[in-house]
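Have a look at the structure below before the remarks.
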Amino acid sequence: MISQIEELAHIRQEVLAGPSARATAAQLAKGKLTARERIALLLDEDSFCEVEPLRRHRATGFGLELKKPYTDGVITGWGTVGGRTVFVYAHDFRIFGGALGEAHAAKIHKIMDMALNAGAPLVSLNDGAGARIQEGVTALAGYGGIFRRNTRASGVIPQISVMLGPCAGGAAYSPALTDFVFMVRDTSQMFITGPDVVRAVTGEEISQNGLGGADVHAERSGVAHFAYDDEESCIAEVRYLLSLLPQNNRETPPAESCDDPADRRCEALLDLVPVDGSRPYDMRKVIEEIVDHGEYLEVHERWATNVICVLARLGGRVVGIVANQPQSLAGVLDITASEKAARFVQLCDAFSIPIVTLLDVPGFLPGVDQEHGGIIRHGAKLLYAYCDATVPRISLILRKAYGGAYIVMDSQSIGADLTYAWPINEIAVMGAEGAANVIFRQQIAEADDPEAKRAELVKAYRTELMHPYYAAERGLVDDVIDPAQTRQVLIQSLEMLRSKHADRPSRKHGNPPQ
C-alpha cells in the first residue's frame, strides 16, 4: 500500500507541475498566468477541489499516442468565492494549446452538469486554440455538448466567461451564450474567422486585436461586457460580480448589512440635473448619489453609451438599474441601446434582481439607418423584456419622457409596479416645440408674426399638457417626489415589493422579437 501511495503522490506532483518548465516559461513570457494561477486568483484560498485531474485522451494517430499529459489541457473543479460554491474550468494553453478534444470536452461537460445540478455559478477561464484538429469530428461534437449545456443552464445558474487568450471559430459561441464575457486587452481575442481568412477572402489586412480584441468587443460589437488591462484586475472583478449574483434562479442575490442610511437625503441631486431639458449631464453621478456608498458595477460600459446598465445595492440589497445617459446622444434609444438594455432586463428578471429605471429620454433616434436597421424590431426587444419581467419594477422620471421611448422604458402602462417623477418632469408624445408645430401648423402660418405665435402656442401646450402633475393627476405616476428623497423612496418601495409574486401564463416559452 505504501508504494502505491507514493506512486499516487508522484503522479499528483506531476499533475500540479504541468507539462514542462519550458511551456510554463513561454506562457508567462506572453504576460499570461497559468491555468492554476488563474483559478487561485478566482477562488477563496485553499478551496479548490479538482475533478478528474488524472484524465488523459485516448486518441491515436498524428503522434497523439506519444503524448498523453494528465488533465488533457483543461482543469475542472469547484471551490468558493466569498464562501459560496462556484464551479470552474480553465483551459491550460501549455497542453496542446488548450485545444479541445474528446476527453477535454468530457471533463467540461461533467463540470457543467455538476454546476447545473448543484445550482451554483459556472466560470470558464478560456485560453484555448479551438478544436483539436487531430481528433477531427469528435472535437467538434465536444463543442456541441458545451453549447447545449450553456443553453440549458441559461437563466438557471449564472454563467461567466473570462477570455484570457485566443478564442476562434465555433469555440466563440460558448462565451456568446453565457451571461457575461470578460476580456483582457492585448492577450485575449475572439473571432469566427481569423485575420488570415479575412485577408484571403476579402483582401483586408487586420491584426488579431484589431479584428477581435478586447476593445473592439467592448466598444463596437458588444460581445464583451467588461475589458481590463491585466488578468489580476479582470479576475478580481469577476469575484465582485459573483458577490452581486444569486447562486441560481431559485434564490435571491446575497444581501449585506449597510451603514449608508436608507433615509439619507440626496441634496446633490438638486444641482446635478438641469431643469432645461436640452442641457446634458452625467447620469452616472445621479446613480452614485442614490446607491449604497456610491458603488456600482456597470455592464457594457463602453458599448451603446446612451443607456447605462448597472448592478448596485440599495439598502444592502442588489438592484439592477437601467438609465438613459443624456451625455451620449441626449439619452435617446437606438438599436444598440435597446439591445443592451433588453438583455440586462432579462438577466435581472432571470435571477430575481429588482429593476429600477431612471428615465430622461427624448425618444427613439430618428434616421434612415435606424429604420432600415430594424429599430422597430430592436426596440420591441426592450419592450418585450420589460413586459415579460416579473421581478419588482420601479421607474423614476427625472426630467423628460417622450413618445414611444417613454412607454418602452418601463412605464406604468406596461407593468411597472410603481412610477415616480421629479417636479421638473415632462411626459408627452413629443417635446412642446414639435407638438405645437404639428397641432398649430395652420395658425402659426397665418399669424402676422409666426415666431411670436409659435412661442405663445408652445407655452400654452407646455402649461396645459406637460406640467409636472399632469400624469400624476391621471394616475400614470404614483407620486411626484422631492429629488433629495429619491434614495429613501426607492428603498422603502423595494422593501414593500420584496414579497411580490407574479404568475406567468402557461406556455412553453415566448417568441420575443429577434
With criteria (1) under 30 Å from VAL156 (Cβ atoms); (2) of a type in the set (A, V, I, L, M); (3) not in a helix (DSSP H, G or I), VAL238 comes up short on (3)
Of the candidates GLY18, GLY61, GLY79, GLY98, the one satisfying the condition of being at pLDDT below 90, in the same structural domain as VAL184 (by TED's automatic domain parsing) and either of a type in the set (Val, Ile, Thr) or under 28 Å from the mean Cα position of the chain (by Cα) (or both) is GLY98
So the helices (runs of 4 or more DSSP H) completely within segment 416-474 holding 2 or more residues that are modelled with pLDDT of 80 or more and not aromatic (Phe, Trp, Tyr) are 470-473
Say whether the condition of being touching an Asp or Glu at 6+ places or on another chain (Cβ under 9 Å), assigned to a helix (DSSP H, G or I) and surrounded by fewer than 24 Cβ atoms within 10 Å (Cβ to Cβ) is met by at least one residue in segment 121-140. yes
For segment 220-238, the count of residues that are buried (at least 17 other Cβ atoms within 10 Å of the Cβ) and of a type in the set (Asp, Glu) equals 1
Over segment 265-280, the set of residues in a loop (DSSP other than H, G, I, E, B) and buried (at least 16 other Cβ atoms within 10 Å of the Cβ) is CYS266, VAL273, GLY277
Just one listed residue, out of GLU6, GLU37, is of a type outside the set (A, V, I, L, M, F, W, C), at pLDDT below 90, over 26 Å from ILE133 (Cα atoms) and assigned to a helix (DSSP H, G or I), and it is GLU6
Checked segment 311-352 for anything out of contact with any Lys or Arg (no Cβ under 8 Å at 6 or more places or on another chain) and small (Gly, Ala, Ser); matches are ALA312, GLY315, GLY316, GLY320, ALA323, SER328, ALA330, GLY331, ALA337, ALA341, ALA350, SER352
Condition set touching a strand residue (DSSP E or B) at 6+ places or on another chain (Cβ under 6 Å) and small (Gly, Ala, Ser), scope segment 304-360, selection farthest from THR252 (Cα to Cα): answer is GLY331
If we ask which residues in segment 141-158 are aliphatic (A, V, I, L, M), closer than 21 Å to ARG55 by Cα and surrounded by fewer than 21 Cβ atoms within 10 Å (Cβ to Cβ), their number turns out to be 1
Could you say whether any residue in segment 69-85 is charged (D, E, K, R), surrounded by 24 or more Cβ atoms within 10 Å (Cβ to Cβ) and assigned to a helix (DSSP H, G or I)?
yes
When every residue in segment 303-317 that is within 11 Å of LYS340 (Cβ to Cβ) and not polar (S, T, N, Q) is compared, the one surrounded by the fewest Cβ atoms within 10 Å (Cβ to Cβ) is TRP303
SER352 passes all but one of the listed conditions (1) closer than 18 Å to SER154 by Cα; (2) in contact with a helix residue (DSSP H, G or I) (Cβ under 7 Å, 6 or more places away or on another chain); (3) touching a residue at least 60 places away in the same chain (Cβ under 8 Å); (4) among the small types (Gly, Ala, Ser); the exception is number (2)
In the set ALA389, ALA341, ALA337, ALA405, the lone residue that is at pLDDT below 95, under 22 Å from the mean Cα position of the chain (by Cα) and aliphatic (A, V, I, L, M) is ALA405
Considering segment 327-384, residues that are of a type in the set (Val, Ile, Thr) and not in a strand (DSSP E or B), and then whichever is nearest to SER493 (Cα to Cα), we arrive at ILE353
Exactly one of GLU295, GLU251, GLU301 is without any contact (Cβ under 8 Å) to a residue 24 or more places away in the chain and closer than 29 Å to THR390 by Cβ, and that residue is GLU295
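The values are calculated or read from the model by the stated rules, or taken from the named source; none is laboratory data. All values reported here derive from a predicted model rather than from experimental measurement. Virtual Cβ from ideal backbone geometry, glycine too; neighbours counted across all protein chains shown.
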